[in-house]
Amino acid sequence: MLTTEQDYDRLTEVKQFDESKIGVKGLLDSGITTIPRFFHHPPENLPGPKPKNRPRLTVPVIDLSGDRSTVVEQIRQSASTLGFFQIVNHRIPERVIESAVGSIKEFFEQPTEYKMRFYHREADKGAAYSTNFDLYLSKAACWRDTLQVRVSPVELDWNAVPEICRVALAEWDKAVVGLGEELMSILCDGLGVKSEKLKELSCLEGRACVSHYYPPCPQPELTVGIASHTDPGVLTVLVQNEVGGLLQVKCGDDWADVEAVHGAIIINIGDMLQIMSNDEYKSVEHRVLANPAQRARVSIAVFFNASNRDKLYGPFPELISTTKPAVYQEFKYDDYMRRFFTKELGNTLTNFYKIDNTKA
């Protein structure tokens, strides 16, 4: 039955969907040909037609096995402008990446009854499968399902993680910690601060592994996979399957495509690193388009956050001078994360902590 504007009750529909625990994949499996109204995004949030004559923008690919000073400069340049880059020759075996991505795909393609056991919205408890962490806060839902695993600093009970992807995710997390340490050292060198600075600030220790499943969408022109947003943490490390052309990064008024490069790992700067670098590094808006393909897109993002939530964070003192004053005030990380999880995804918090936030 069609509802009119007057009798459309969004909250009721969202609640019914959430309580069904079937996720977006379950909706698709039910045979729908039109998406529920609460997934409809306003036209201004949807991608327009691609300009024909404009050169295609892509995210740079950096060879991590190159000369250290060259790699530092390449990463510094990408982190200071686009906020995104891809790395190859990162020494993580392809098998580890393929196993993690493959096991996540397998989890999401299990029968709904199996996945329901893991469906809840308490993201700080082990493994949580759900659709949109901000489902009740957002103006429009996005076409994806998610499995979030809070790996540390609170020790994770791996038995709470679905058996199908437990071993592969544990192996992936172990590999990512080593890579994260190397990247943080390179990024510190690029700023001219002590190489271990981010590690000493506990930025390797707060990790969340967030896996997204973007099934085909019957009406991709009406919704998105993830709305435009910036990441709240220090650094994001992401791998994806070969279904490309959906992840995009804001570049001025345009959007740059993140091509699916075989074996590459995507890295992006988070809001916290933009703040700590006193705006030297950029946390940039990015989005995922709704999937028009016949196959699902799968991605796994590891978010590196500081584990010490009671400490005050702000720009590194070494980067502050009379010619470059502090752009941000100091704040407790706990306050920062509380604000992040009580708002709709998409509104960056960097402006909130600016010393002159009258323009925020």
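Using a 1.4 Å probe over the heavy atoms of the protein chains, calculate the carbon and sulfur portion of the accessible area of segment 1-159 as a whole percent.
53
Using a 1.4 Å probe, what is the accessible area per residue for the chain, in Å²? Walk me through the numbers before you get to the answer.
Values: 16720 Å² over 360 residues.
Value for the chain: 46 Å² per residue.
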- Tell me, what is the FRET efficiency for residue 61 and residue 254 to the nearest 0.05, using R0 = 25 angstrom and their Cβ-Cβ distance as r? 0.85
- Note on the structure: Extension length gain for residue 109 and residue 334 (0.36 nm per residue less Cα distance), in nm, is 77.5 nm
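Which order do the peptides 17-23, 223-229, 107-113, 93-99 take when ranked by the mean count of other beta-carbon atoms within 10 Å per residue, highest first?
The densest-packed peptide leads the list: 223-229, 17-23, 107-113, 93-99.
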- Item | Accessible area of residue 158 in the full protein assembly, 1.4 Å probe (Å², nearest 10) | 70
- Message: If each residue of separation counts as 0.36 nm, what is the full-extension length gain between residue 322 and residue 356 once their alpha-carbon separation is subtracted?
- Response: 10.6 nm
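Just reorder 299, 65 by solvent-accessible area, largest first, 1.4 Å probe, all chains present.
Result, largest first: 65, 299.
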- Between residue 122 and residue 77, 0.36 nm times their residue separation minus their Cα-Cα distance comes to what? 12.4 nm
- Size of electric dipole in segment 12-306: Cβ of Lys, Arg +1 and of Asp, Glu -1, about Cα centre, debye, nearest 20: 520
- Is any residue of segment 128-147 close enough, with backbone N under 14 Å, to a label point placed 7 angstrom from the Cα of residue 8 along the Cα-Cβ axis, and if so, which? 139-141
- Message: Using Cα-Cα distances under 8 Å and only pairs 6 or more residues apart, what relative contact order does the chain have, in percent?
- Response: 20
- Could you tally the net charge around residue 303, taking each other residue with its Cβ under 13 Å from the Cβ of residue 303, Lys/Arg +1 and Asp/Glu -1? -2
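The values are calculated or read from the model by the stated rules, or taken from the named source; none is laboratory data. Being a predicted model, the structure only gives us computed values, none of them experimental. Positions of Cβ are generated from backbone atoms using ideal geometry, with glycine treated the same way; all protein chains shown enter the neighbour counts. These area figures cover heavy atoms from the full protein model, side chains too; ligands, DNA and RNA do not enter into them. Shrake-Rupley method; radii C 1.70, N 1.55, O 1.52, S 1.80 Å.
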